[in-house]
Amino acid sequence: MKVFVTGATGFVGTAVVRELLAQGHQVLGLARSDRSDDTLGKMGAEVLRGDLEMPETLRHGAQMSDGVIHTGFVHDFSRFAEACAIDRTAIETLGTAIESTKKPFIVTAGVAFLDAAGPITVEADPAFPPSGTYPRASEAAAMALSNRGIPVNIMRLPPSVHGKGDHGFVPMLIDIARRTGRSAYIGDGHNVWPAVHVGDAARAYRFAVERGASAETYHAVGEQGIPFREIAEAIAKGLGIPCVSLSVVEAQDHFDWFFGFAYIGQRASSDWTRARLHWNPTGPGLLADMMNAGYFAATAGQST
């Protein structure tokens, strides 16, 4: 199978590309720079130059391939609403390009902002509609395509997809702790973050694309929920700084724009996904990875 991967040199995308290639698939990776082009070529992937704001390129990549995995996103939180709009348009473009082909199409979303019916979110729980507070519309765009008869899978990722080279939420927390001289949690710190090792997440994507076209929602969750206090304590230990509890008001000042993510408190199950995809996460847990995967090196978390 030849799979078109957006975000192919990002943290998750790179792991997906390597997993697909290791299992005998061909990969066409979207690359927006010479450096990304070179990285993909060295991995053994075919390269398509362009970015998420080039609809003709996206259409071409989708039409040239047997399936599509969309991991790309503009990770610029200073213009988050604009990045979400770019993502939505890219999903609509990719889906329309494969209309009536029955090619598998997997869109990346998250488990953190779901309308949960119980204390643990499950795959059947819907995402909250996009809003001014949280404008990401990945699921809304995917569902709109499915409602048009273009089946789209949704792969929900937890707040922490961890491993060597991670430049996501945990490195952001580490950077905040470095700058402020303290690692913090909110209140009692019992709010929880689900997590998954990046290698396990990559296998979930592969299993999903190999199943073929459908309109199913998966949770690539290895750990249902790690207390945020334990994450903060691991950061404090790794940096050799104090770990403190902050009130909500104090935390808003400490975390700034990241406050909403630091306040996430939602356990997530992946039982249905494990059974459906025959997926069994085997990678290390988040806290162990934080101690052993280079998170506290001077260059940890920098994007390549």
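The values are calculated or read from the model by the stated rules, or taken from the named source; none is laboratory data. These numbers come from a predicted model, not from an experiment. Virtual Cβ from ideal backbone geometry, glycine too; neighbours counted across all protein chains shown.
Here are the numbers for this structure:
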item	result
Hey, Gly72 touching a strand residue (DSSP E or B) at 6+ places or on another chain (Cβ under 6 Å), part of a loop (DSSP other than H, G, I, E, B) and under 19 Å from Val16 (Cα atoms) or not	yes
From the options Ala184, Ala202, residue that is under 18 Å from Gly110 (Cβ atoms) and crowded, with 18+ Cβ neighbours inside 10 Å	Ala202
Only listed residue being among the small types (Gly, Ala, Ser), outside the structural domain of Val107 (by TED's automatic domain parsing) and at pLDDT 95 or above, chosen from Ala262, Ala215, Ala201, Ala208	Ala262
Residues located in the stretch 92-113, provided they are over 15 Å from the mean Cα position of the chain (by Cα) and either surrounded by 18 or more Cβ atoms within 10 Å (Cβ to Cβ) or hydroxyl-bearing (Ser, Thr, Tyr) (or both)	Glu92, Thr93, Leu94, Gly95, Thr96, Ala97, Ile98, Ser100, Thr101, Lys103, Pro104, Phe105
Verdict on Glu123 being part of a helix (DSSP H, G or I) and surrounded by 18 or more Cβ atoms within 10 Å (Cβ to Cβ)	no
Subset of the stretch 114-128 that is of a type outside the set (A, V, I, L, M) and in contact (Cβ under 8 Å) with a residue 40 or more places away in the chain - its residue that is farthest from Gly13 (Cα to Cα)	Pro119
Given (1) in a loop (DSSP other than H, G, I, E, B); (2) farther than 30 Å from Gly294 by Cβ; (3) at pLDDT 95 or above, number of the condition Lys164 does not satisfy	(2)
Subset of the stretch 32-64 (residues that are of a type outside the set (Asp, Glu), farther than 15 Å from Arg18 by Cα and buried (at least 16 other Cβ atoms within 10 Å of the Cβ))	Arg32, Leu48, Gly50, Leu52, Met54, Pro55, Thr57, Leu58, His60, Gly61, Ala62
Check on Gly283, surrounded by 15 or more Cβ atoms within 10 Å (Cβ to Cβ), touching a Gly at 6+ places or on another chain (Cβ under 7 Å) and not β-branched (Val, Ile, Thr)	yes
Single match in Val17, Val47 (criterion: without any contact (Cβ under 8 Å) to a residue 40 or more places away in the chain and within 22 Å of Ser160 (Cα to Cα))	Val17
Whichever residue in the stretch 213-232 is out of contact with any helix residue (DSSP H, G or I) (no Cβ under 7 Å at 6 or more places or on another chain) and hydroxyl-bearing (Ser, Thr, Tyr) and, among such residues, is surrounded by the most Cβ atoms within 10 Å (Cβ to Cβ)	Thr217
Options Ile235, Ile176; residue that is buried (at least 21 other Cβ atoms within 10 Å of the Cβ), within 30 Å of Pro281 (Cα to Cα) and hydrophobic (A, V, I, L, M, F, W, C)	Ile235
